[in-house]
Amino acid sequence: FVNAGINNLRRSNDKWHLYSGEQSWQADHVVVCAGMGSRDLLATLNRSVPLESQRGYHLQAPHPGVTLSRIVVLADRKIFMNPMQGQLRIAGTVEFGGTGKPMNEQRALLLKDHAQAGLDNLDTSGFTTWLGHRPCLPDSLPVIGPVADLPGLWTGFGHGHLGLTGSINTGRLLARAMAGQTSAHELTPFALSRFR
Ligand SMILES: Cc1cc2nc3c(=O)[nH]c(=O)nc-3n(C[C@H](O)[C@H](O)[C@H](O)COP(=O)(O)OP(=O)(O)OC[C@H]3O[C@@H](n4cnc5c(N)ncnc54)[C@H](O)[C@@H]3O)c2cc1C
């Protein structure tokens, strides 16, 4: 395993070359599964994809003073409260702001107000906040499978609000496809080429 930021992809002599600054690696197969970063990686190969982030926030209370035995959703307020080893993580909201803009702390703080409206005695002192990206496509389907005309290049991104949920099936589908065990038909709805 190598952990590195890839800034360029090139194909020559039947191999893929992955570049990270001065360093490079060769591979027979490459899977682009870099969340929002997938858009820029494919752009280095002149492939455009209408991927946009639905940014979301969470606020985590380290000693909430209330114990939830399961995930609780305040459906009218669209927030998700997750017990996390004694802590409480409150997540939600959707914001269009791309990948470059800093987080808007006020949005994370809104989560605190919503959670306190639902849980009496919730202690949020010492809270931390987080901004994450939901990589979304216009038809709400991910991009999974081989890239037409670029042999050995695969994709697995764009799962929007359900990337954790979808990850296992996407990994399984890709593994089967790379081993030649799926028909092309099976992955057609997820093809990158549907956006041409
Ligand atoms: C507030 C919030 C709540 C959510 N709740 C849920 C939920 O309850 N259930 C659910 O299923 N999903 C949920 N999601 C969505 C889920 O987090 C995403 O769909 C998922 O993280 C997408 O996974 P990914 O691996 O495609 O992208 P990411 O998780 O973004 O991972 C991509 C990785 O690629 C790396 N990368 C990017 N560019 C490069 C590059 N050029 N070179 C090398 N590495 C690169 C990044 O650093 C990152 O580590 C939530 C998201 C948010 C924001």
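The values are calculated or read from the model by the stated rules, or taken from the named source; none is laboratory data. The model shown is predicted, which means the values in this text are computed figures rather than measured ones. Positions of Cβ are generated from backbone atoms using ideal geometry, with glycine treated the same way; all protein chains shown enter the neighbour counts.
Structural remarks
- Condition broken by residue 134, with the remaining ones in (1) buried (at least 18 other Cβ atoms within 10 Å of the Cβ); (2) at positive phi satisfied: (2)
- Selection status of residue 24, part of a strand (DSSP E or B) and exposed (fewer than 14 other Cβ atoms within 10 Å of the Cβ): yes
- All of 50, 102 fail the test of being exposed (fewer than 14 other Cβ atoms within 10 Å of the Cβ), in contact with a Phe, Trp or Tyr (Cβ under 9 Å, 6 or more places away or on another chain) and either at pLDDT 95 or above or not polar (S, T, N, Q) (or both), apart from 50.
- Residue list for the range 73-103, filter: aliphatic (A, V, I, L, M), in contact (Cβ under 8 Å) with a residue 40 or more places away in the chain and either in a loop (DSSP other than H, G, I, E, B) or more than 10 Å from the ligand (Cβ to nearest atom) (or both): 74, 103
- Annotation note: of 140, 125, the sole residue that is in a loop (DSSP other than H, G, I, E, B) and either under 30 Å from residue 180 (Cβ atoms) or assigned by TED's automatic domain parsing to the domain that holds residue 180 (or both) is 140.
- Test: residue in the range 61-71 that is under 30 Å from residue 175 (Cβ atoms), more than 10 Å from the ligand (Cβ to nearest atom) and surrounded by fewer than 16 Cβ atoms within 10 Å (Cβ to Cβ): no
- Residue within the range 119-139 that is charged (D, E, K, R) and under 20 Å from residue 170 (Cα atoms) present: yes
- When the test is whether a residue is in contact with a strand residue (DSSP E or B) (Cβ under 6 Å, 6 or more places away or on another chain) and either among the aliphatic types (A, V, I, L, M) or closer than 21 Å to residue 163 by Cβ (or both), residue 30 passes it.
- Members of the range 160-187 found to be polar (S, T, N, Q) and in contact (Cβ under 8 Å) with a residue 12 or more places away in the chain, listed by number: 170
- Of all residues in the range 152-170, one or more are within 23 Å of residue 48 (Cβ to Cβ), modelled with pLDDT of 95 or more, touching a Pro at 6+ places or on another chain (Cβ under 8 Å) and aromatic (Phe, Trp, Tyr).
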